[in-house]
Amino acid sequence: MRGRYAPSPTGYLHLGNVRTALVAYLQARQAGSSFVLRIEDLDSARSRPDYIRANMTELQYLGIDWDEGPDVKGPYKPYIQSERHDFYEEALKTLVESGQVFECFLSRKELRDLASAPHGQMPIYGQAERALNEKLKAQKKLEGKTPSLRFRVEQVLVSFNDGFMGEQSFEVSDFIVRRADGEWAYQLAVVVDDALMKIEEVVRGEDLLESTAAQLILYKALGYKAPTFFHVPLLIDETGERMSKRKGSLTVTALREVGVKAERILGFLAYSLDLHDKLEPLSMAELKELYQADKLKKEAFKLEKHHLEFLGVP
Ligand code: GLU
């Protein structure tokens, strides 16, 4: 079960990020398989090279190591998305040849405004949008506008069995594979990378559950075998919102800087995952002993004041 953790270097890793990383790591290590670290730095406006190093240091601080990654290489290098354009280009070519890619001149916002039904993260692109897109094409080209590339999907219901969350079904319609500014869409890059890096189990946060449906369509269109998926419920902060880098949620770097030991962070993470019923420091070796996927907490975990006190946050 080759596993992976794929952080976006857009900030330091917060407790929610490393909680998911820890599950991915323990899943792989318990199965005795390789663990891959892949850097997902396609968002060039928000990614920063210094965060790549920082994220690796944060994981290492907790005792999470990897067999393949940007610093150790491996058979499927490079392990950093900004150096993998050729692979994405190749995949896009396959999709274009299948006749399922089209140029879209409508922005995400325009699509959302037009969407007839509310639809989670992915705006529906149906007949009305198609007609409007055709109408706008000539005019937008004259204005020198470049289109985004979308993969055409006739609204389908995709079902899959998540290794943790169970049976899932999501409706999928057309989605972006390459943005109008030329940047690769997450959906395309993540599928190409997980497939080419021979990842067999994708462990990631529950916020990406819906994306899996679109990704499964791409696995099929590209002729790849899909991995199994394991989505971990999120960590909710003291204010009741999910942790996020943009919001400046509590990071491993911040804890480390005030002298919080890795064992204390691991102890908290294990407790929050229901792997241990006492809030006390734990070593990675102890955590490996305790790890049992079927014990993992099924709901989101809310961070309370006494957890922060345990962590030694002033
Ligand atoms: N790079 C994504 C993130 O940091 C994770 C993508 C994935 O695991 O599929 O949120």
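Based on this model, can you work out whether Thr20 counts as touching a Phe, Trp or Tyr at 6+ places or on another chain (Cβ under 8 Å), part of a helix (DSSP H, G or I), within 12 Å of the ligand (Cβ to nearest atom) and β-branched (Val, Ile, Thr)?
Against the criterion (touching a Phe, Trp or Tyr at 6+ places or on another chain (Cβ under 8 Å), part of a helix (DSSP H, G or I), within 12 Å of the ligand (Cβ to nearest atom) and β-branched (Val, Ile, Thr)), Thr20 qualifies.
Evaluate the following for Glu183: is it more than 9 Å from the ligand (Cβ to nearest atom), closer than 28 Å to Gly74 by Cβ, in contact with a Gly (Cβ under 9 Å, 6 or more places away or on another chain) and in contact (Cβ under 8 Å) with a residue 60 or more places away in the chain? So Glu183 fails the test.
Can you pull out the residues in the range 56-84 that are in a strand (DSSP E or B) and of a type outside the set (A, V, I, L, M, F, W, C)? Break it down into steps so the answer makes sense when it comes.
If we filter the range 56-84 for residues that are in a strand (DSSP E or B), which is where we start, we get 68-69, 73, 80.
Within the range 56-84, Glu68, Gly69, Lys73 meet the criteria.
Hey, could you check the range 238-282 for residues that are among the polar types (S, T, N, Q) and touching a helix residue (DSSP H, G or I) at 6+ places or on another chain (Cβ under 9 Å) and say which is surrounded by the fewest Cβ atoms within 10 Å (Cβ to Cβ)? Step through it out loud before you land on a result.
Residues of the range 238-282 that are among the polar types (S, T, N, Q), as a first pass: 239, 244, 249, 251, 253, 272.
Still in the running and touching a helix residue (DSSP H, G or I) at 6+ places or on another chain (Cβ under 9 Å): 244, 249, 251, 253, 272.
Numbers: Ser244: 15, Ser249: 21, Thr251: 21, Thr253: 17, Ser272: 21.
For the range 238-282, the residue satisfying everything is Ser244.
Hey, does the range 94-104 have a residue that's in contact with a Pro (Cβ under 7 Å, 6 or more places away or on another chain) and either farther than 27 Å from Leu290 by Cβ or modelled with pLDDT of 95 or more (or both)?
In the first step, residues of the range 94-104 are kept if they are in contact with a Pro (Cβ under 7 Å, 6 or more places away or on another chain); the result is 103-104.
Subsequent filtering for residues that are either farther than 27 Å from Leu290 by Cβ or modelled with pLDDT of 95 or more (or both) retains 103-104.
Yes, that holds for at least one residue.
Apart from one condition, Phe310 fits all of (1) within 19 Å of Gln30 (Cα to Cα); (2) among the hydrophobic types (A, V, I, L, M, F, W, C); (3) not in a loop (DSSP other than H, G, I, E, B); the exception is (1). Of the numbered conditions (1) touching a residue at least 60 places away in the same chain (Cβ under 8 Å); (2) within 14 Å of the ligand (Cβ to nearest atom), Ala262 fails exactly one; give the number of that condition. Here Ala262 meets the rest and fails (2).
Yes/no matrix, rows are residues, columns are (1) closer than 30 Å to Gln27 by Cα; (2) out of contact with any Pro (no Cβ under 7 Å at 6 or more places or on another chain); (3) of a type in the set (Ser, Thr, Tyr):
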residue	(1), (2), (3)
Thr146	no, yes, yes
Phe151	no, yes, no
Phe164	yes, yes, no
Ser169	yes, yes, yes
Phe175	no, yes, no
Asp181	no, yes, no
Leu188	yes, yes, no
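Being more than 16 Å from the ligand (Cβ to nearest atom) and part of a strand (DSSP E or B) is the filter; apply it to the range 166-175 and report the residue that is nearest to Phe105 (Cα to Cα).
Within the range 166-175, the first condition is being more than 16 Å from the ligand (Cβ to nearest atom), and the residues that meet it are 166-167, 169, 171-174.
After this cut, where a residue has to be part of a strand (DSSP E or B) as well, the list is 166-167, 169, 171-172.
Working: Gly166: 37, Glu167: 35, Ser169: 29, Glu171: 23, Val172: 20 Å.
Across the range 166-175, the extreme among qualifying residues is Val172.
Summed over the range 183-220, the residues that are among the charged types (D, E, K, R) and farther than 17 Å from Gln168 by Cβ give a count of 5. Here Ile199 meets each of (1) assigned to a loop (DSSP other than H, G, I, E, B); (2) without any contact (Cβ under 8 Å) to a residue 24 or more places away in the chain; (3) within 16 Å of the ligand (Cβ to nearest atom) with one exception, condition (2).
Do you know which of the residues in the range 205-247 that are part of a loop (DSSP other than H, G, I, E, B) and polar (S, T, N, Q) is farthest from the ligand (Cβ to nearest atom)? Within the range 205-247, the match that is farthest from the ligand (Cβ to nearest atom) is Thr239. In the set (1) out of contact with any helix residue (DSSP H, G or I) (no Cβ under 9 Å at 6 or more places or on another chain); (2) in a helix (DSSP H, G or I); (3) farther than 26 Å from Leu235 by Cα; (4) not polar (S, T, N, Q), the condition left unmet by Phe87 is number (1).
The values are calculated or read from the model by the stated rules, or taken from the named source; none is laboratory data. Quick caveat, the model's predicted, so the values are computed rather than measured. Cβ coordinates were reconstructed from backbone atoms using ideal geometry, including for glycine residues, and neighbour counts include every protein chain displayed.
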